[in-house]
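Undergrad: Could you have a look at this structure, given as structure tokens, before my questions?
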Amino acid sequence: MEYIVLAINAILVQNILLAQYLGNCPFMGVSKKMETATGMGLAVLFVMTFATCITWFFQHYFLIPMHIEYLQTIVFIVVIAALVQLVEMFLKKLIPPLFRSLGIFLPLITTNCAILGVAVLCIRKDLGFMDSLFFAVFSGIGFLLAIVVFAGLRERFEISFIPKALQDTSIALVTAGLMALAFYGFVGIDGSLKALTMN
Amino acid sequence: MVKAKSISKEFFKGFWEILPPFRLVLGLCPMLAVTKYVENGLGMGIATTFVLFFSNIIISSIKSVIPKKVRIASYIVIIATFVVIVELVMQAFFYSLFEKLGIFIPLIVVNCIILGRAEAFASKNPIHLSAADGLGIGLGFTMSLFLISAIREILGAGTFLGMHIMWGSYEPFAFMIEAPGAFICLGLLLAMMNLVPTKLNGAN
């Protein structure tokens, strides 16, 4: 039950893209077509889960025992960059069809702030390993959901009339704003669910 | 068309020609996240400018020794080093700002503007031009952050740098300081920026 509340919180209430403003560059950049958006979303979900687990181990079994927590940023980004390379090589060898669909998005993911953001958030919130894992998975699902819905909306732009000045990124941002407003409606759901489980 | 590259040109292009994030749609996350208040926006802008300026200089000066295959990883490590410096300095001297910016200080590492400039400019150009480019883009970014945070703070909270500047009966438009307001504010500003050249061309 605890994890259901966590899931609703991470996917809907505190959606990583629309409420926490993480990972907005790919959100704007690769959301013009449904397939690319789905590919990007899946790649993010995949890497985010692995990256959060590995950085959690690095933080608790390497940085803290050595008292070099201030190097967190450098170590995390290097770990994530290395991980993305590894994932790319493994997928290429082991699961070629998956590599073909996710391949082009993987290099972009190193500089996706959602990945590093979730890894750092787990440390700052002092989450345990299982909680971090679930938090990463649900955040990734939230990312996937938001980018797929957004791509669906954006595909409609092609057949609708948009004033010249608003075209492209501008209207995309306004649309994202309206989507964020819709997601804003979920605020409070997690609280009431929590209260419900308490009783 | 080959244009002569001069320091002043590389410096000033960051203010209009490729002003981030309007002309160069990169670095959106800090642009949306830390522009609730002018203080946060300015702090973020200055921190980013610092990192951009120094990483451009370092990358430009060692570009010939970095192997091509691992260049992106090398850039990220160089950038991360400066981000850690900023993090430690802010923690020591500007603690309240450090608390407010929170997770977005380590996230300067993955600000695509910095890596983008490293890849597109510093890795191909001499040191003095890269320094001018870094400083110009950084200040342009700071300017945009300042503009958006000023609009959001004045409309959303009725204050500017924490001082009340609206009339007494002004009801703060709280929508502006929430997440949806950030997206819509940036989108409309971008539309206005698009409108300017159209109007100028129309007048000619």
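The values are calculated or read from the model by the stated rules, or taken from the named source; none is laboratory data. What you see is a predicted model, and the numbers here were worked out from it, not measured in a lab. With ideal geometry, Cβ positions are generated from the backbone for all residues, glycine too; neighbour counts draw on all protein chains shown.
Undergrad: Can you find a residue in the range A:90-105 that is within 14 Å of chain B (Cβ to nearest Cβ) and either assigned to a helix (DSSP H, G or I) or more than 18 Å from the chain's Cα centre (by Cα) (or both)?
TA: No, there is no match, as no residue in the range A:90-105 is within 14 Å of chain B (Cβ to nearest Cβ) and either assigned to a helix (DSSP H, G or I) or more than 18 Å from the chain's Cα centre (by Cα) (or both).
Undergrad: Among (1) free of Cβ contacts under 8 Å to residues at least 24 places away in the same chain; (2) among the β-branched types (Val, Ile, Thr); (3) buried (at least 17 other Cβ atoms within 10 Å of the Cβ), where does B:Val77 come up short?
TA: All conditions pass for B:Val77, except number (3).
Undergrad: Looking only at the range B:131-176, how many residues end up being free of Cβ contacts under 8 Å to residues at least 60 places away in the same chain and in a helix (DSSP H, G or I)?
TA: 7
Undergrad: If B:Ile148 satisfies all but one of (1) in contact with a Cys (Cβ under 7 Å, 6 or more places away or on another chain); (2) within 11 Å of chain A (Cβ to nearest Cβ), what's the number of the condition it fails?
TA: Tallying (1) in contact with a Cys (Cβ under 7 Å, 6 or more places away or on another chain); (2) within 11 Å of chain A (Cβ to nearest Cβ), B:Ile148 fails exactly one: (2).
Undergrad: With the structure loaded, tell me whether B:Val110 is closer than 14 Å to A:Thr73 by Cα and either among the polar types (S, T, N, Q) or modelled with pLDDT under 90 (or both) or whether it fails that test.
TA: yes
Undergrad: Pairs under 9 Å by beta carbon, first residue free of Cβ contacts under 8 Å to residues at least 12 places away in the same chain in the range B:187-198, partner in a helix (DSSP H, G or I) and loosely packed, with under 15 Cβ neighbours inside 10 Å, six or more apart or different chains?
TA: Close Cβ pairs satisfying both conditions: B:Asn194/A:Lys164; B:Leu195/A:Lys164; B:Thr198/A:Lys164.
Undergrad: Would you mention how many residues in the range A:144-181 are facing chain B (nearest Cβ under 10 Å) and closer than 24 Å to A:Asn112 by Cα?
TA: 14
Undergrad: For the range B:177-204, which residues satisfy the criterion of being assigned to a loop (DSSP other than H, G, I, E, B) and of a type outside the set (S, T, N, Q)?
TA: B:Glu178
Undergrad: Across the range B:81-98, what is the total count of residues that are among the β-branched types (Val, Ile, Thr) and more than 17 Å from the chain's Cα centre (by Cα)?
TA: Number of matching residues: 4.
Undergrad: Identify the residue in the range A:119-172 that is part of a helix (DSSP H, G or I), free of Cβ contacts under 8 Å to residues at least 12 places away in the same chain and not charged (D, E, K, R) and, among all such residues, is surrounded by the most Cβ atoms within 10 Å (Cβ to Cβ).
TA: Among those that are part of a helix (DSSP H, G or I), free of Cβ contacts under 8 Å to residues at least 12 places away in the same chain and not charged (D, E, K, R), it is A:Ser170.
Undergrad: Ok, one more. Only one of these conditions is not met by A:Glu69: (1) within 26 Å of B:Glu87 (Cα to Cα); (2) over 20 Å from the mean Cα position of the chain (by Cα); (3) away from every other protein chain (no Cβ under 13 Å). Which number is it?
TA: (3)
Undergrad: Next question, about the same structure. Scan B:Met44, B:Met143 and give me the residue that is touching a helix residue (DSSP H, G or I) at 6+ places or on another chain (Cβ under 8 Å) and surrounded by fewer than 19 Cβ atoms within 10 Å (Cβ to Cβ).
TA: Just one listed residue meets the conditions, B:Met143.
Undergrad: May I ask you to list the residues in the range B:110-130 that are surrounded by fewer than 20 Cβ atoms within 10 Å (Cβ to Cβ), touching a residue at least 60 places away in the same chain (Cβ under 8 Å) and in a helix (DSSP H, G or I)?
TA: Answer for the range B:110-130, where residues must be surrounded by fewer than 20 Cβ atoms within 10 Å (Cβ to Cβ), touching a residue at least 60 places away in the same chain (Cβ under 8 Å) and in a helix (DSSP H, G or I): B:Gly116, B:Phe121, B:Ile127, B:His128.
Undergrad: Condition test on A:Tyr61, is it closer than 30 Å to A:Lys194 by Cα, more than 14 Å from chain B (Cβ to nearest Cβ), in a helix (DSSP H, G or I) and hydroxyl-bearing (Ser, Thr, Tyr)?
TA: No: the conditions fail for A:Tyr61.
Undergrad: Restricting to the range A:173-197, name every residue that is in a helix (DSSP H, G or I) and aromatic (Phe, Trp, Tyr).
TA: Selection gives A:Phe183, A:Tyr184.
Undergrad: For the range B:9-25, which positions are buried (at least 24 other Cβ atoms within 10 Å of the Cβ) and within 14 Å of another protein chain (Cβ to nearest Cβ)?
TA: Scanning the range B:9-25 gives B:Pro20, B:Pro21.
Undergrad: Given the structure, is B:Arg117 within 14 Å of chain A (Cβ to nearest Cβ), at pLDDT 85 or above and farther than 18 Å from B:Leu24 by Cα?
TA: Answer is no for this residue.
Undergrad: Looking at B:Leu107, is it more than 12 Å from chain A (Cβ to nearest Cβ), surrounded by 16 or more Cβ atoms within 10 Å (Cβ to Cβ) and of a type in the set (A, V, I, L, M)?
TA: no
Undergrad: Any chance the range B:165-181 includes a residue that's hydrophobic (A, V, I, L, M, F, W, C), under 19 Å from B:Ile18 (Cβ atoms) and within 13 Å of another protein chain (Cβ to nearest Cβ)?
TA: No, the range B:165-181 has no match at all.
Undergrad: Here is a follow-up. Right, B:Gly41: away from chain A (no Cβ under 14 Å) and touching a residue at least 40 places away in the same chain (Cβ under 8 Å) or not?
TA: no
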